[in-house]
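Have a look at the structure below, then the notes.
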Amino acid sequence: MSKHQYQQFRKAGIIEKVCVRATSTSAGNASSSSYYVDLLDVQDWFPDALWFKLDGFPIPFLFDSDGMRFEPPRGAFYPDKVLDIITNVEIKDLLLEAKEKDNEILKLEWELYSLQVKDKEKDDEIYKLQLETIILQHQARDRLAILQEHANAILAQNFELHEYSIPRLFIVLPVDTTKWDPMNILRNKFRLHFLCEGENHTVKAGKSSQSQIHVVQRDGYEIQNSTEFFHKYGKYILILLQWLKSEKSSTPLVDAINHSIEYMMALTVEYPTLKNINSIDDYEGLEVADLRQLNTFLQINDKEQQHGNLHRVMTEAGHVKWVCLDHYHAMYNEKEQRALENTVKMDGGKCDSYLGKVVITLKSRNRAKEFFAALGKTRGVYELDITFNWDWTKADLETFEDILKKSSVSILRLELGRFQEGINWPLSKTSTRYEILARIIELSSMKAIHLVLSPELIKLSNLHPKISPRLHKLTIEMKPRKIGPNDFKELAHSLKTNTVLTILNLEGNSIGKEGARVLSEALKTNSTLTTLDLESNSIMNEGALVLAEALKVNTTLTTMKLTDNSIGDGGALALSEALKVNATLTTMGLKKNSIGDKGALALAGALKTNRTLTILDLYNNSIEDKGALALSQALKANISLTTLYLKGNPIGDEGAFMLLEVLKTNIILTSLDLFEE
């Protein structure tokens, strides 16, 4: 007598052994064994059994050699395996887990339930529904794979330190889940919450959720212009919500996440413009510009808390992460950080631990030594805005260079005050100062640098660093004083080819009409200078004429200040003609230039067509009512000017009245300065 074989079955943690039957023929899709399990035998132990599954996947029933399913249904014998019982309740759960085809799933549930009530009278229909269920499960897995792919792309996206200053991972959560109103979903209140990136983004499934990305414990931020907000960030948020749900399925956070998903689905129904939020297949990701706009949608009452209590840190690869205070302290020595903050505070500076940014003005060599020492010991400063406001020497600059090599600084703004000429420092070696600056620029850790050169450093040709591939941005600002004719010509000539100088402040150098002419020729070819300040340079009417010609072809200058140059109406007329064709200038400073009504009339004509100028400063000129009337008429057509300074002009009541009347209809102009305080 042969020994009986048994198949183990499990339901709700209870395991029973069911005797298997032997067959004399080989079934079409049976296993290599000659045994099978009869569904009726299983139902003796589990009356509501309808199907079996192994390792979470349904097992198909067996067929005879003609391709017909055995009746009653048979299943293959799996020795040493435990098969799980599938009941009508479990089939219903499987259907609910399928891809988000709610209407189809509900239809299948109902049809399957009806078939079960009729004692399986329509076996073929049941089998068809079973196959459709499997298809839907595969579709759900496909969606999950797409979701995971997009989530991984979001988590793996790297940004450089200089690109943005706001956390990049965020979701929306209900304000209070205990007061959730399922009948009025869109009336529930939600807030934006940032996520801490404290651990590796590539955490594998099964790893404790405690070590993964998590929501920062704070109240969150109210969202303004919610429809526009979800139109811009909806897909991004939904992907992160669904990813978090899959990663943290056992945490209390899941209830809140489910409510958030439900809320966003309700939005797609209520607002047609948001109907595509749930279509993640075509998600293309957020750009840096999108992240920079995020703050415009948030109600931030405390600027100190605008980063969600997160701190900006930098990985060894040089990429930005935002972490909570616990992770921040785990990365950096808190004692050393406090010492740096105290040092900065003593110098009247500002230390922002959230951004890893320090702004400081050093006024003595001793204070500089103390700050340099603290900076060299601290790893949490990535952005440094520093001013040397003492008579610094070559040794001071070299010390600073050495400290930068040890620090984590990758964004640097360095403003150099007046240089101290030492006894043993011959003028022939002034190029050494440029060499040190070049070495600072060449540091491999630097991503963005802005240099404000001291008044003595005016020879751009001496500054020729080898630009590191990792340096994304280099800009230089110059403000020479008492510059000689030869040095000025050399400087102007260098502007024709220089690619790093962005701000040139020549205030009080008296370059005159000839200097303006030389500068004008340089501006016609220069492609990097954005700000030019020529205050008190005696360029007169003739100087304004040649500069106006340059403005007609220059495409990078955004700010030009010509304060106190006596350009008169003639100069204003020439500049007005330039403003009619120039498309980049946003600020024009013309105060104290003896401009009268004729000049104002010309400028008014330019304002009627110009679409880029936002600030026009005509303070302390000679404009009267006629000029004011012309300007008021121009402002009715202008769509770009936001600020107009007219204080210090002899404008009477009539002119002032006409200008103030414009404010009733012009919604662009936000600042009109007419009267002396």
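Since every read-out is calculated from the coordinates, none of them should be taken as a lab result. Since the structure is predicted, the reported quantities are computational estimates derived from the model, not experimental observations. Note: ideal-geometry Cβ built from the backbone for every residue, glycine included; neighbour counts use all protein chains shown.
Among 278-286, 574-582, 468-476, the peptide with the highest mean count of other Cβ atoms within 10 Å heads the list, and the full ranking is 574-582, 468-476, 278-286. Legend: calculated FRET efficiency, residue 668 to residue 477, from the Cβ-Cβ distance at R0 = 35 Å, rounded to 0.05, equals 0.70. Between residue 8 and residue 496, the contour length at 0.36 nm per residue exceeds the Cα-Cα span by 167.0 nm.
With a threshold of 21 Å on the Cα-Cα distance, the over-threshold entries among 335/394; 369/473; 350/377 are 335/394; 369/473.
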